[in-house]
Amino acid sequence: MEVERVSTGSDPIDSFLKGGLETGIITNVFGESGSGKTNFCVQVAAHLADQGEKVVYIDTEKGFSPERFKQIASDEALENLVVNEPLDFEEQEEAIESLENIVEENDASAVIVDSMVSLYRLKAKGDQYQEINQRLSQQLSELSKIARKEDIPVLITNQVYTSFDEEGLELVGRDVPRYWSKCLLQLSNEKNGVRKIEIEKHRSMPEGKSAQFKITNSGLDTVDEKGLF
Ligand code: GTP
Ligand code: MG
């Protein structure tokens, strides 16, 4: 079976991902604050909406800016977004429970959740930890089902924290989002505003493969030869 990919509208990202985001699975973009996760989401949403495609956008941290969106897409494209802004983990759960209907009613071409774990992180404390993990897992399972059933890409973002047990950064939610995301992409900052995207998990590409891009007014762009802009 041929793997289908949906263009992100960004040259460096599409060429890195051999065409774009895979349909039928969850792609998880993770990285530190300011690494470009929200810009990645807005890039994808703006590109699809600009082509008349509907996108369901779950924004859990007021990260979505219509102004930023309009720098990348036309003003009218904003009408192709179905935005949901849950305020706590319960509202996020409700948003995901009603998602399949919303995707079908709107014939949406993609689902974006930025971020999957910010409201989870506020909630996952003390003795509730196991139960909250289970609920996060349930939400990701539902997202994964929608991706498969509707044959669309589901893009989520994930914060990280510094782990003391293992070297380097760990995903908030750890094994739960790691398990459900068939594609894991790490974003990080390099020198001179250059960003790096690196594969941590993929069904057909090697771990550790990376590329550079930069964030500009028009979206995620190619780094020129000098690496400066
Ligand atoms: P958190 O949500 O805090 O975890 O961060 P994030 O990973 O979502 O980062 P985000 O996508 O918000 O990236 C922020 C970076 O994008 C900052 O360094 C901004 O300077 C840069 N940025 C945002 N908008 C623009 C723009 O219009 N032009 C340029 N050149 N840079 C921008
Ligand atoms: Mg963000």
- Odd one out for residue 108, checked against (1) within 17 Å of the chain's Cα centre (by Cα); (2) assigned to a helix (DSSP H, G or I): (2)
- Task: Given the conditions (1) of a type in the set (D, E, K, R); (2) surrounded by fewer than 22 Cβ atoms within 10 Å (Cβ to Cβ); (3) within 17 Å of the chain's Cα centre (by Cα), report the number of the one that residue 150 does not fulfil.
- Result: (3)
- Query: What is the number of the single condition among (1) of a type in the set (Asp, Glu); (2) more than 12 Å from ligand 1 (Cβ to nearest atom); (3) in contact (Cβ under 8 Å) with a residue 60 or more places away in the chain that residue 104 does not meet?
  - Reply: (3)
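Restricting to segment 21-36, name every residue that is closer than 26 Å to residue 217 by Cβ and either part of a loop (DSSP other than H, G, I, E, B) or among the charged types (D, E, K, R) (or both). Step through it out loud before you land on a result.
So the first thing to find is which residues in segment 21-36 are closer than 26 Å to residue 217 by Cβ, and the list is 21, 27, 29-36.
32, 33, 34, 35, 36, listed by residue number.
A quick yes/no check of all residues on (1) buried (at least 17 other Cβ atoms within 10 Å of the Cβ); (2) over 18 Å from the mean Cα position of the chain (by Cα); (3) within 16 Å of residue 13 (Cα to Cα):
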position: 159; (1), (2), (3): yes, no, no
position: 168; (1), (2), (3): no, yes, no
position: 185; (1), (2), (3): yes, no, yes
position: 197; (1), (2), (3): yes, no, yes
position: 211; (1), (2), (3): no, no, yes
position: 214; (1), (2), (3): yes, no, yes
position: 223; (1), (2), (3): yes, yes, yes
- Message: Looking only at segment 121-144, how many residues end up being modelled with pLDDT of 95 or more and over 20 Å from residue 91 (Cβ atoms)?
- Response: 1
- Task: Return the pairs, sorted by first residue and then second, in which the second residue is within 16 Å of ligand 2 (Cβ to nearest atom) and not in a helix (DSSP H, G or I), the first residue lies in segment 51-71 and is among the aromatic types (Phe, Trp, Tyr), the beta carbons are less than 6 Å apart, and the residues are 6+ apart or on different chains.
- Result: 57/83; 57/112
- Task: Might you check whether a residue that is more than 24 Å from residue 180 (Cβ to Cβ), within 15 Å of ligand 1 (Cβ to nearest atom) and assigned to a helix (DSSP H, G or I) occurs anywhere in segment 4-20?
- Result: yes
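The values are calculated or read from the model by the stated rules, or taken from the named source; none is laboratory data. Just so it is clear, the model here is predicted, and its values are computed rather than measured. Note: ideal-geometry Cβ built from the backbone for every residue, glycine included; neighbour counts use all protein chains shown.
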